[in-house]
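What follows is one structure encoded as structure tokens, with my remarks underneath.
Read the figures in this text as sums done on the coordinates, not as results from a lab. Quick caveat: nothing in here was measured; it's all calculated off a predicted structure. All Cβ positions, glycine included, derive from the backbone under ideal geometry; neighbour counts span all protein chains shown.
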Amino acid sequence: MRIDELAVGMSAESEKTVSDADVALFARVTGDLNPVHLDAEAAARSVFGGRVAHGMLTASLISAVMAMKLPGPGTIYLSQSLRFLAPVRIGDTVTARVEIAELLADKHRARLITTCRNQRGEPVLDGEAIVKVPAQ
């Protein structure tokens, strides 16, 4: 969408169930082989008591909402703040949501509230993004 098609309060969501394969592929792509993500025995001894997905895997779900839904194709990330609130476990279904908090039309930018919740509705991540919105 173009900046003139957007309004404060608009939102979009996407849902994904995090699989063992997702975690393994993310680890392989990023090189983050932390045992808390990949080794059940080591993870069982961690503060989480079991394997968890990478925090940045969860955060990447926000990127997908922005790129594909709101503001949509052509959106460029400029910044993102993140707070990791709870672990995402293998098998959790995460809903990523973006909401337009502010429009800076003269700069073709939007400030977005970004959140992820698990299947129980519990927040697992929140933050704020600034994006460049397509001019055309």
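Summary of values
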read-out: Pairwise FRET efficiency - ALA67 versus ALA24, Cβ, R0 = 25 Å, nearest 0.05; value: 0.60
read-out: Rg over Rh, two decimals, the chain (C-alpha only, Kirkwood Rh); value: 1.04
read-out: Surrounding net charge for SER14, when Lys and Arg each add one and Asp and Glu each subtract one, Cβ distance under 10 Å; value: +1
read-out: The chain, relative contact order [Cα under 8 Å, separation at least 6], %; value: 31
read-out: Qualifying lysines (Cα of each under 16 Å from Cα of LYS16; at least 8 residues distant if same chain); value: LYS69
read-out: Nearest 10 degrees, 0 to 90: helix 55-68 Cα axis against the chain principal axis; value: 30
